[in-house]
Amino acid sequence: MRWTSGANQGNEGFRERFQKDPNAQLTLGEQSQLYFKFLIQTKEEIILNGKTDIILPPLSEITEDLKLLREQSINNFYSPRIDLIETQKPTQNQPRSREPQLNNLEV
């Protein structure tokens, strides 16, 4: 694909990074920037040629996917461990106090 002039601005860094490492990854900000460059490219191709071969999903769909991935990542990292929860339950031999304990509170 040949970039149109409007979408080509500032792509040198991306090109260099992927030429050095084909498995390089982009930050979320860079991904967002690239999405909008593709969007500009599609608009310019439509203006110049009357059509484009680029099909982009709606930004709302991408954002929803990112939210789900982030939620999964957070849940996987911060989910409580069942074995710790089980060991912290009060035993039946220990009576549970219904009143909150007030330690060192000044009134």
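Read-outs throughout are calculated quantities, based only on the coordinates presented, and are distinct from any laboratory measurement. All of these numbers come straight from a predicted model, not from anything done at the bench. Here the Cβ is made from the backbone with ideal geometry for all residues, glycine too, and neighbour counts use every protein chain on show.
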*Could you tell me which of rounded, prolate or oblate describes region 15-54, using a ≥ b ≥ c as the square roots of the eigenvalues of the alpha-carbon gyration tensor, with rounded for a/c under 1.5 and, failing that, prolate when a/b is larger than b/c and oblate otherwise?*
prolate
_Label-point separation in nm, Thr63 to Gln25, each point 7 Å along Cα→Cβ_ = 2.3 nm
*Between Lys51 and Tyr78, how many nm apart are label points set 7 Å from Cα along the C-beta direction?*
4.9 nm
*What is the list of residues in region 49-69 whose amide nitrogen lies under 17 Å from a point 7 angstrom out from the Cα of Leu39, following Cα to Cβ?*
54-67
